[in-house]
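The values are calculated or read from the model by the stated rules, or taken from the named source; none is laboratory data. What you see is a predicted model, and the numbers here were worked out from it, not measured in a lab. Using ideal geometry, Cβ is built from the backbone for each residue, glycine included, and neighbour counts are taken over all protein chains shown. Just the protein is used for accessible areas: all its heavy atoms, side chains included, with ligands, DNA and RNA removed. Shrake-Rupley method; radii C 1.70, N 1.55, O 1.52, S 1.80 Å.
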Amino acid sequence: MMERPLTVLAIETSCDETAAALVRGRTVLSNVLHSQSIHRPYGGVVPELASRAHLQLIVPVVRQALVEAGCTMDDVDAIAVTAQPGLIGSLLVGVNFAKGLALRYRLPVVPINHLEGHIFSGLLEEPELGFPFLALVVSGGHTALFWVESFQHVRLLGSTRDDAAGEAFDKVASLLGLGYPGGPAIDRLAAKGNPAAFALPRALLQDATFDFSFSGLKTAVRGLLQKRFHKGPPEEVLPDICASVQAAIVEVLVQKTIRAARLYHAPAIVVAGGVSANSALRRQIQEATARLGIRVVLPRISYCLDNAAMIGLVAHEKLRFGGIHRFQRLIVTASPTPLRASPKSTAKSRVKETRETTLSA
Ligand code: KG4
Ligand code: ZN
């Protein structure tokens, strides 16, 4: 007998996007995303404002996801929710809403790690993508490389020791007075600038580690502004500064990813997270992988940004492998815990003592 694909209502509220999706197997029936704009004047996400906005948005966003999918709660077999990592107040809104719905409709709740969502988001774009593959997750909160052998076996190869790549874009944009989020503004201005105009640091580029470090970049830009443009950078210099900053971030991301791909003989690379919208990153990773004959998957932007479809897809796999009864008891807790890779281990030692990440929520 053919197994009926389960219909999952997925909820994602780990940061400043309120999102809900209906997923049946690997098919996305709807993917509703509300990016909170209230944070713009503050130059970053204000946790208290984020959780309050999630409270206001969660019901309309979930309703819209059901309507767009042409479903009612009677069609839903399970609820998936991001349980970690993220802002605790934001996570709590999604987790408690999911539990409330589950109690009302007697449904199981599947807790999902947000990073697992990003790692497997390539399967939303290309459902037939096989294992293994390398995943670069680059967003405002995370920068990490994973070696993915199956849904159950994911190894963290390296992650940022300080700022995430998106955070670096945002902090530099704030120094340049470009507003929040800064990545899209820097990307736009960089298109008209010279990436070699200013020499900026590429931290850990020559190191064997797959860890990243971007906090020095912001300090270098601050130093540059104080030394050369203490009255504020003239408008005509902005494109050159933006192009130089973007080149510094993208070069490190691409070179480390390609080095890992060669070491692991990766047949495919998935690039996910908000920073994967960056035009230079997309272009350079496509060029580098084409030269090496490696397949690259760059999911569409709505699957790259924080979204609930990726959470639903991972939940569906967990239900398929673990069985629906495992998730009946509603023991789901939100946790802000971030991922950490050991800063001391080198690329070589990581290959030897590869360890699984603590991704399973
Ligand atoms: O994945 P995401 O929506 O949320 C987080 O989980 O952080 O990523 C948002 C981040 C922000 O830091 C934003 O500046 C960055 O992605 N971003 C970009 C671009 N579009 C968004 N960074 C560089 N270039 C872009 N085009
Ligand atoms: Zn994210």
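Do you know which residues across the stretch 128-163 are within 13 Å of ligand 2 (Cβ to nearest atom) and β-branched (Val, Ile, Thr)? Selection gives Val137, Val138, Thr143. Scanning the stretch 308-349 for residues that are farther than 17 Å from Val137 by Cβ and at pLDDT below 50 yields a total of 8. Within the stretch 153-180, residues that are without any contact (Cβ under 8 Å) to a residue 24 or more places away in the chain reach partners that are within 16 Å of ligand 2 (Cβ to nearest atom) and open to solvent by 50 Å² or more (accessible area, probe 1.4 Å) with beta carbons closer than 8 Å, at six or more positions or on different chains, in the pairs Ala173/Pro181. Taking the conditions (1) touching a helix residue (DSSP H, G or I) at 6+ places or on another chain (Cβ under 7 Å); (2) open to solvent by 20 Å² or more (accessible area, probe 1.4 Å); (3) away from ligand 2 (no atom under 16 Å from the Cβ); (4) not hydrophobic (A, V, I, L, M, F, W, C) in turn, Pro108 satisfies each one other than (2).
Just for the stretch 17-27: of the residues that are open to solvent by less than 40 Å² (accessible area, probe 1.4 Å) and more than 15 Å from ligand 2 (Cβ to nearest atom), which one is farthest from the chain's Cα centre (by Cα)?
Within the stretch 17-27, the first condition is being open to solvent by less than 40 Å² (accessible area, probe 1.4 Å), and the residues that meet it are 17-23, 25.
Going one step further and asking which of them are more than 15 Å from ligand 2 (Cβ to nearest atom), we end up with 20, 22-23, 25.
Numbers: Ala20: 16, Leu22: 19, Val23: 19, Gly25: 21 Å.
It comes out as Gly25.
Restricting Ser35, Ser14 to those that are touching a residue at least 12 places away in the same chain (Cβ under 8 Å) and more than 15 Å from Phe97 (Cα to Cα) reduces the list to Ser35. Kindly indicate whether Gln84 is of a type outside the set (Gly, Ala, Ser), within 16 Å of ligand 2 (Cβ to nearest atom), under 30 Å from Ala173 (Cβ atoms) and in contact with an Asp or Glu (Cβ under 8 Å, 6 or more places away or on another chain). So Gln84 fails the test.
In the stretch 71-85, the qualifying residues are those that are of a type outside the set (A, V, I, L, M) and more than 14 Å from Ala308 (Cα to Cα), and the one that is most open to solvent (accessible area, probe 1.4 Å) is Asp74.
Of all residues in the stretch 86-105 being open to solvent by 10 Å² or more (accessible area, probe 1.4 Å) and of a type in the set (Gly, Ala, Ser), which is nearest to Asp306 (Cα to Cα)?
Gly86
Only one entry in Val270, Val296, Val250, Val275 is open to solvent by 10 Å² or more (accessible area, probe 1.4 Å), under 19 Å from Gly141 (Cα atoms) and not basic (Lys, Arg), namely Val275. Would you be able to say whether some residue in the stretch 194-206 is in contact with a Pro (Cβ under 9 Å, 6 or more places away or on another chain) and not assigned by TED's automatic domain parsing to the domain that holds His114? Yes, that holds for at least one residue. Residues of the stretch 127-154 that are under 15 Å from Leu313 (Cβ atoms) and of a type in the set (Asp, Glu): Glu128 alone.
For the subset of the stretch 118-141 comprising residues that are within 14 Å of ligand 1 (Cβ to nearest atom) and closer than 20 Å to Gln152 by Cβ, which member is surrounded by the fewest Cβ atoms within 10 Å (Cβ to Cβ)? If we take residues in the stretch 118-141 being within 14 Å of ligand 1 (Cβ to nearest atom) and closer than 20 Å to Gln152 by Cβ, then Ile119 is surrounded by the fewest Cβ atoms within 10 Å (Cβ to Cβ). Note on the stretch 160-177: residues that are more than 14 Å from ligand 1 (Cβ to nearest atom) and open to solvent by less than 10 Å² (accessible area, probe 1.4 Å) amount to 0. With respect to (1) more than 12 Å from ligand 1 (Cβ to nearest atom); (2) open to solvent by 40 Å² or more (accessible area, probe 1.4 Å), the lone exception for Ile301 is condition (1). Restricting the stretch 279-293 to residues that are within 16 Å of ligand 1 (Cβ to nearest atom) and open to solvent by 10 Å² or more (accessible area, probe 1.4 Å) leaves a set whose member that is nearest to Ser35 (Cα to Cα) is Ser279.
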